[in-house]
Structure formats: structure tokens, C-alpha cells
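Student: Have a look at this one.
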Ligand code: SF4
């Protein structure tokens, strides 16, 4: 399997690491909360969801909508709001990053909740942000006209 979906083998944070991570989270929040309405999952996937935080979904889904999205793009839980995955799709399309949505994100490691994602990248507990489309994603873009709609 090209992408390991479970991160159970990741060493859990020691109390000291958690304390330090929480301290750094304060500074991370200063940027990511106003800009992206970050929910502090500690396992950032912003770069592959069109720079729209998927964790704003009330069901905390990381791999697409639940299936309850209304025809107008509304959320099943809060019908007065748009489904976050509707917005992710729109933004990803606008940024030319739609093919990234087809890569399955790892199952969330809840041990990392409310820790600094920056620190988790540095400690190699999570994957770094994806800046550009890789070759497979570019090919999807060229050949998959259906995903560009
Ligand atoms: S760290 Fe998690 S909650 Fe925060 S912006 Fe990234 S994906 Fe969203």
C-alpha cells in the first residue's frame, strides 16, 4: 500500500514533549486560527484540502463529505452553514489542487489533538505540508477531465 493509513506505531508524546508542544501551539494559533479557523488537530492536512481546514466539519471528517450534504452545498448538521467539503472542493478547484483530494488522508491520531502541528512535522510524527502536485496528481489533472468539473 503506497500510503500507510494508520499511525499507531508513532511514539506517543511524553508529558514533557506535550508541554513544550502546547507552548508552541500558542504561537501557531496566532497565525492559523485567524487565517484558517484551525481546530488544533495537531495533524495538519491544510495543504491537501485547498488550504481550508477540514476539521471545521462537525463530524471531523478528513477524507471527504459524509454524504449528507444538501443540494445547495449545505451541511447536514448545521443546515445554515455550507458543508466544509463543499468549500474545500471549490477552493481546491480554484487553486488547481483538485487532484490532491483523491489521495486518502491518514486516520487521525487523536493522541496529537491540541498539540503543535509544526512541532509534529519537525519530530516527524506527521507528514510535512505538500507544496506542489506530485507526478501522479499531475497526471490525474491531465487525464481526469471528469475531476475538473
Ligand atoms: S492543524 Fe488540523 S485543525 Fe489546524 S488547520 Fe491544520 S488540519 Fe485544521
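Student: Going by average Cβ neighbours within 10 Å, how do the peptides 60-72, 86-98, 39-51, 110-122 rank, with the highest at the top?
Tutor: Numbers: 60-72: 13.4, 86-98: 17.1, 39-51: 20.8, 110-122: 18.6.
Put in order of decreasing packing, that is 39-51, 110-122, 86-98, 60-72.
Student: Also, I was wondering about something else. Output the 0 to 90 degree angle, nearest 10, between the alpha-carbon long axis of helix 84-95 and the longest principal axis computed from the alpha carbons of the chain.
Tutor: Taking Cα atoms only, the helix is inclined about 80 degrees.
Student: If a/c stays under 1.5 just call it rounded; otherwise compare a/b with b/c (prolate if a/b is bigger, oblate if not). Do that for the range 15-148, with a ≥ b ≥ c from the square roots of the Cα gyration tensor eigenvalues.
Tutor: Details: a/c = 2.22, a/b = 1.38, b/c = 1.61.
Since a/c reaches 1.5 but b/c is at least a/b, the shape of the range 15-148 is classed as oblate.
Student: Rounded to the nearest 0.05, what FRET efficiency is calculated for residue 95 and residue 72 with R0 set to 35 Å and r the Cβ-Cβ distance? Please report the intermediate quantities before stating the final value.
Tutor: Details: r = 23 Å, r/R0 = 0.65.
It comes out at approximately 0.95.
Student: Between 24, 131, 13, find the one with the highest GNM mean-square fluctuation for the chain; connect C-alpha pairs within less than 10 Å.
Tutor: Among 24, 131, 13, the largest GNM mean-square fluctuation belongs to 131.
Student: Let me ask something else about it. What 222 nm value per residue comes from the helices of the chain, counting each DSSP H run with n ≥ 4 as -39,500 (n - 2.57) and dividing by all residues, nearest 500 deg cm²/dmol?
Tutor: On the way: 4 runs with 49 residues, N = 149.
Mean residue ellipticity at 222 nm (helix-derived): -10500 deg cm²/dmol.
Student: Report, in degrees rounded to the nearest 10, the 0 to 90 angle that the Cα long axis of helix 15-36 makes with the longest principal axis of the chain.
Tutor: 40 degrees
The numbers here are math on the coordinates, done by the rules we state, and not lab data. Since the structure is predicted, the reported quantities are computational estimates derived from the model, not experimental observations. Cβ atoms come from the backbone with ideal geometry, glycine included; neighbour counts cover every protein chain shown.
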